[in-house]
Each structure stands twice: as structure tokens, then as C-alpha cells.
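**Student:** Structure provided below as C-alpha cells; questions to follow.
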Amino acid sequence: MGNELKGKPGTLIPIKCDLTKDDQVLSMFAQIKRDLGGVDVCVNNAGFAIPNDLLKGSPKEWREMLDLNVVALCLCTREAVASMRERGVDDGHIFHINSLGGHCVPNNASFSFYCGTKHMVTMLTEALRRELKNSNIRITSISPGVVETEFAINAGFSEEMSKQFYSNMPSIQSDDVTDMLIHVLSAPPHVQVHELIVIPTKAD
């Protein structure tokens, strides 16, 4: 990452944090406050899947997905909004990187619980919008279709299977999602892009 950004404008400050450990998340936000003042934009991008049918899954797998995909997202959002309010920032922005799976039932039963966590993100985005409606802090859910990332490998696919997965399915790139995020941030203050679904042009 450092080499990719070498010579680019801005500053990258990496912070090691396991988002499923509450104390580490709180420590990260404390460091941001101490070193940078606070948070104006929060992008909740972390998420993963453990493929397994619902009738074959284990509570351990379900809790791991819930802890990262839902609980960590809620905690980071809570702390980011608290940072904004503490400093009188009334035009901040919260992003939830959701999934197309947060709006439909997957064809592949192995991803049912993962998609269930993303359905929760869809609902939580609307709930947060209602909690923030008396402020100018905006909340946006961006729901991509298949994005060519390390997602398949993190879900347990081999490198070869991952390559085959992405080659067999229309997909978009992570830069495409970043472009959508920048587009949303550029919207005028009176416009809230609440939900943005981004899929490959040739997707089914």
C-alpha cells in the first residue's frame, strides 16, 4: 500500500486494529482524536463470509460474521458520530459498504448467513438515517455486486478457485466502488444519497 501511494498527495497513517475487539476499536478512535483531532468521514468497509449452508453452519461461524459485519460496523459508526458531535461537525458522512446480497436472497445457499448480515446493514442504515435526521450528518449504504478483491480467498477459496470465480462472473473493481464513494461525497449538502447499488453492466 505504501509504495502504491508514494508521491501521491495526502498522508496515510496506518493503525493496526482488530475490529472485532471492542477495546482495540476504542483505542483506535482515541488515537485518531489525539493525533488528528477526530473523524469527519467514516467508511465501514470491513466484512467477510464463511460459506456454509444454514443447516450446516456453526454458532462460531455465525458469531464471527456478525461481530465483523454488524457489531464492528455499529461500534465504528457510534464512535465516529460521537467524534463529529464532540467537535461540532454537522456535515460529516458515514458510509456502510454493504452488498447486493443485502437486498436479495442469494442463489448460493452457502452465503445465506453472510447475506443475512448484509440485510441487517441495509436496515441499520435506514435506522441511522432516522436518528441523524435532525442533523446534517449523512449516511450512505453502497451495495456492490461482485467486486474483484481478496473476498473469495478470505472466504476460504484457493487462489486458483478465486481466479476462476472472478473470471466466470461479471465483476467490478475496487476503484469503481471508490469512485462511487467520491461521487456521493460531492453531492450538495441538501442531498443524501441513501442507497447506491453498483453492479457490473453485464450482470444477470
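**Student:** Once fully extended, how much extra length lies between Leu5 and Asp35, figured as 0.36 nm per residue of separation less the alpha-carbon to alpha-carbon distance? Before the final figure, lay out each step's value.
**Tutor:** Numbers: separation 30, 0.36 × 30 = 10.80 nm, distance 2.09 nm.
Stretched fully, the Leu5-Asp35 segment lengthens by 8.7 nm.
**Student:** So if I place +1 on the C-beta of Lys and Arg and -1 on the C-beta of Asp and Glu, and nothing else carries charge, what would the dipole magnitude of the chain be about its Cα centre? I want it in debye, nearest 20. Working shown, then result.
**Tutor:** Values: 19 positive and 25 negative charges, 80 e Å.
Its charge dipole is roughly 380 debye.
**Student:** Work out Dmax and Rg for the chain from the C-alpha atoms and quote the Rg first, both in angstrom.
**Tutor:** Rg and Dmax of the chain, Cα atoms, are 17.6, 51 Å.
**Student:** Follow-up question, since we're still on this one. With Cβ to Cβ distances under 14 Å as the rule, what net charge do the other residues near Leu75 carry (K, R +1; D, E -1)? Intermediate results must be reported in sequence, preceding the final value.
**Tutor:** Details: positive: Lys21, Arg78; negative: Asp18, Asp22, Asp23, Asp67, Glu79.
Here the count lands on -3.
**Student:** Can I ask one more? Non-local amide H neighbours of Ile199 (under 5 Å, H modeled in plane, Pro and chain starts lacking H): which ones?
**Tutor:** Residues meeting the amide H criterion: Gly145.
**Student:** Something else about it: Using a 1.4 angstrom probe and counting only protein chains, how large is the accessible area of His119 in Å², to 10?
**Tutor:** Estimated to the nearest 10 Å², His119 gives 80 Å².
**Student:** Cross-link partners among lysines for Lys33, C-alpha distance below 22 Å, same-chain residues fewer than 8 apart left out?
**Tutor:** Hits, sequence-local ones excluded: Lys16, Lys21.
**Student:** Ranked by accessible surface with a 1.4 Å probe, highest first, in what order do Ile197, Ile172 come? Display every interim value, and only then the final one.
**Tutor:** Numbers: Ile197 90, Ile172 15 Å².
Putting Ile197, Ile172 in descending order of accessible area: Ile197, Ile172.
**Student:** If you don't mind, there's one more thing I want to ask. Under a Cβ-only charge scheme (Lys and Arg +1, Asp and Glu -1), can you give me the dipole magnitude of region 8-60 about the Cα centre, in debye to the nearest 20?
**Tutor:** Numbers: 7 positive and 6 negative charges, 25 e Å.
Around 120 debye, computed over region 8-60.
**Student:** Separate question: Per the 1.4 Å probe, what fraction of the accessible area of the chain, in percent, lies on carbon and sulfur atoms? Write out the running numbers ahead of the final one.
**Tutor:** Working: 6790 of 12500 Å².
Using a 1.4 Å probe with all protein chains present, the chain comes out at 54 percent carbon and sulfur.
The values are calculated or read from the model by the stated rules, or taken from the named source; none is laboratory data. Worth saying up front: this structure is predicted, and the values here are computed from it rather than measured. Every residue, glycine as well, gets a Cβ built from its backbone with ideal geometry; the counts of neighbours run over all protein chains shown. In case anyone asks, the SASA skips ligands and DNA or RNA and just uses the protein heavy atoms, side chains included. Shrake-Rupley method; radii C 1.70, N 1.55, O 1.52, S 1.80 Å.
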